[in-house]
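Below you'll find the structure, written out as structure tokens, and then a few comments.
The values are calculated or read from the model by the stated rules, or taken from the named source; none is laboratory data. Quick caveat, the model's predicted, so the values are computed rather than measured. Heads up, the Cβs are rebuilt from the backbone with ideal geometry, glycines too, and the neighbour counts pull from every protein chain shown.
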Amino acid sequence: MPAMKVFAAITFFAIFVSCTIRVGGKQPEIKKEGYSRILSESSTDDIFSHIGPGDVLKITVYGEKDLTGSYQVSLDNTLMFPFIGELSVAGLNTTSLAMKIADRLRSGYLVDPQVVVFIEEFVSKRIFVLGQVKKAGNFPMRNIMSVIEAISLAGGFTDFADINNVVVTRKGNGDKEIRFVINIRSIVNGLEENFYLKPGDIIYVRERFF
């Protein structure tokens with residue numbers, strides 16, 4: 001019976017370690033792999049150019065000030081644009097939407113329209129900040145966002161926050177959850193690189209023990 005309990009304890013510990021990635025501290029290999037991969041994915045993934053309901057877009061048509069401006073996507077994934085009227089943006093990213101607008105403008109309005117689309121504010125993509133922060137809640141992502149920016153949106157830490165152990169939970173492949181433990185103090189002091197978020201990330205600030 002004692003041997004079975006020891007085996008169960010070892011198994012539980014192995015599962016816990018496999019599901020939680022410690023970022024920072026005295027594990028440079030894990031820290032380097034985690035930060036490099038996260039930053040690379042956050043910078044290149046299509047999630048940061050894919051358009052969703054409520055997103056605010058900055059659309060620039062070069063040489064056409066009357067067409068250039070901010071536009072918000074409706075809840076049914078459509079967009080109203082001058083001359084063109086209603087456009088469906090379902091399944092589009094910024095590049096494909098720019099091409100679609102240019103094609104429509106080329107059909108009887110402009111000779112060679114040059115269009116650029118940039119997402120000013122992600123409303124369809126949100127992050128969640130919970131625990132020992134002053135204003136817990138969910139917030140829209142604004143382009144690439146770091147964990148420190150997210151905590152700032154939530155009003156900053158309370159006096160009881162454990163800033164050395166902030167947990168970020170992220171859905172991985174097959175909806176499997178991955179947890180990262182972030183040392184905010186080390187980031188602020190320049191000892192560690194910043195941690196960049198993805199839509200749907202949950203930031204939980206633990207309470208420190210006195």
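Summary table below
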read-out	value
Residues located in the stretch 196-210, provided they are in a loop (DSSP other than H, G, I, E, B) and under 24 Å from VAL123 (Cβ atoms)	LEU197, LYS198, PRO199, GLY200, ASP201
Residue that is nearest to ILE59 (Cα to Cα), among those in the stretch 97-114 that are in contact with a strand residue (DSSP E or B) (Cβ under 9 Å, 6 or more places away or on another chain) and of a type outside the set (A, V, I, L, M, F, W, C)	GLN114
Among the residues listed as ARG170, ARG208, the single one being in contact with an Asp or Glu (Cβ under 7 Å, 6 or more places away or on another chain) and under 19 Å from GLY137 (Cα atoms)	ARG170
Selection count where residues are over 24 Å from the mean Cα position of the chain (by Cα), under 14 Å from VAL117 (Cβ atoms) and in a strand (DSSP E or B), scope the stretch 61-84	3
ARG170 part of a strand (DSSP E or B), outside the structural domain of TYR62 (by TED's automatic domain parsing), in contact with a Lys or Arg (Cβ under 9 Å, 6 or more places away or on another chain) and surrounded by 17 or more Cβ atoms within 10 Å (Cβ to Cβ)	yes
Test: residue in the stretch 130-147 that is surrounded by 14 or more Cβ atoms within 10 Å (Cβ to Cβ), hydrophobic (A, V, I, L, M, F, W, C) and without any contact (Cβ under 8 Å) to a residue 40 or more places away in the chain	yes
Condition check for GLU149: in contact with a Pro (Cβ under 8 Å, 6 or more places away or on another chain) and either modelled with pLDDT under 95 or more than 30 Å from ASN165 (Cβ to Cβ) (or both)	no
Matching residues, the stretch 82-126, being in contact with a Phe, Trp or Tyr (Cβ under 6 Å, 6 or more places away or on another chain) and aliphatic (A, V, I, L, M)	LEU87
Some residue of the stretch 141-157 being hydroxyl-bearing (Ser, Thr, Tyr) and either in the same structural domain as ASP66 (by TED's automatic domain parsing) or within 30 Å of THR68 (Cβ to Cβ) (or both)	yes
Test: residue in the stretch 96-107 that is over 21 Å from LYS198 (Cα atoms) and modelled with pLDDT under 90	yes
Extreme residue, surrounded by the fewest Cβ atoms within 10 Å (Cβ to Cβ), among residues of the stretch 85-124 that are at positive phi and outside any strand (DSSP E or B)	GLY108
The stretch 91-118 residues that are more than 16 Å from ASP66 (Cβ to Cβ) and assigned by TED's automatic domain parsing to the domain that holds ASP76, paired with ones that are of a type in the set (S, T, N, Q) and at pLDDT below 95 (beta carbon under 6 Å, 6 or more apart)	ASN93/SER49; THR94/SER49; VAL117/THR94
